[in-house]
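Read through the structure below, which is laid out as structure tokens, and then see the notes.
No value in this document is a laboratory result; all are computed from the given coordinates. Owing to the predicted nature of the structure, the values given are computational and were not obtained by experimental measurement. As a convention, Cβ positions derive from the backbone with ideal geometry for all residues, glycine included, and neighbour counts pool all protein chains shown.
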Amino acid sequence: MFLSREDQIIVRMRGLPFTATHEQVLTFFSPEDGLKENCPVSGGKDGILFVRYPDGRPTGDAFVLFACEEHAQCALRKHKEILGRRYIELFKSTAAEVQQVCHVWICVCCFARVWIFVSLYFGLRSVVSFVV
């Protein structure tokens, strides 16, 4: 599991193309030609967690693990660089933020399922008055 790795530094990516892959994220953090600066993702593909809506669609966000502060700082220097046709925002993050983001989407999904069940059982007018 993504958060089971201790002593890792987490960086949040925002603005990813919806079609972004693990390989593209790994390449984004790889050193460019002629540059010696290296910020390897801890665990390779397992060190990347794409955030998705409850229906499975990507949000354009991801969390990435780095083994040490030096690698994370190297990664953060790529703030606003381009991946595909989009510039990527990078922020230092925490395990609590990862849990919060994942929990929010689980709650939204659970609420949507309850709402659908109630609307099917009682009818839409009852649901509107129930929610309000």
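Observations on the model:
- Maximal additional length on extending the residue 52-residue 79 stretch stands at 7.5 nm, based on 0.36 nm per residue less the C-alpha distance.
- Cβ-Cβ distance of residue 103 and residue 38, R₀ of 30 Å, FRET efficiency by 1/(1 + (r/R0)^6): the value works out to about 0.35.
- P(r) weight above 20 Å for the range 2-94, C-alpha pairs, percent: 28
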